[in-house]
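Participant: The structure's right below; bear with me while I get my questions together.
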Amino acid sequence: MLKVGTLIRVIYPQYAAGVQGRIQAREESGRWIVKLEENPINWSNEPILLSLDESDFEVIDPN
């Protein structure tokens with residue numbers, strides 16, 4: 001069961017593939033808001049939030 005705080009690795013979108021993140025919330029649509037641990041865009045230090053389907057990431061640590 002997925003929950004807030006779960007550590008994941010992004011599979012899709014391609015520009016963020018392989019980057020780890022933590023689940024922040026669940027949307028009403030059923031998608032998950034994920035905050036990336038690092039920014040895959042070199043020119044920005046801002047944190048990135050993604051809205052992902054469960055098929056877009058894999059769970060690393062369910063805690």
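Participant: Quick check for me: using +1 on Lys/Arg Cβ and -1 on Asp/Glu Cβ, what's the dipole size of the chain about its Cα centre, in debye to the nearest 20?
Facilitator: The calculated dipole for the chain is roughly 120 debye.
Participant: Are there chymotrypsin sites (Phe, Trp or Tyr not before Pro) in the chain that DSSP puts in a loop and that have at most 11 other Cβ atoms within 10 Å, and which ones?
Facilitator: Answer in residue order: Trp43.
Participant: Another question about this same structure. Expressed in nm to one decimal, what extension gain is obtained for the pair Gln24 and Arg9 from 0.36 nm per residue of sequence separation less their Cα-Cα distance?
Facilitator: 4.0 nm
Participant: Moving on. For Glu38 paired with Ser51, estimate the spin-label separation in nm (one decimal), with each label point 7 Å from Cα along the Cα-to-Cβ line.
Facilitator: Between Glu38 and Ser51, the simple spin-label model gives 2.8 nm.
Participant: Quick check: net charge around Ser29, other residues with Cβ under 14 Å of its Cβ, Lys/Arg +1 and Asp/Glu -1?
Facilitator: It works out to a net charge of -3.
Participant: Looking at the P(r) of the chain, how many percent of alpha-carbon pairs lie beyond 17 Å?
Facilitator: Percent of Cα pairs beyond 17 Å in the chain: 31.
Participant: Please report, as a whole percent, how much of the solvent-accessible surface of the chain comes from carbon and sulfur atoms (probe radius 1.4 Å).
Facilitator: Accessible surface attributable to carbon and sulfur in the chain totals 47 percent.
The values are calculated or read from the model by the stated rules, or taken from the named source; none is laboratory data. Just so you know, these numbers come straight off a predicted model, no measurement behind them. All Cβ positions, glycine included, derive from the backbone under ideal geometry; neighbour counts span all protein chains shown. The protein model used for the area step is the full one, side chains on, heavy atoms only, and it has no ligands, DNA or RNA in it. Shrake-Rupley method; radii C 1.70, N 1.55, O 1.52, S 1.80 Å.
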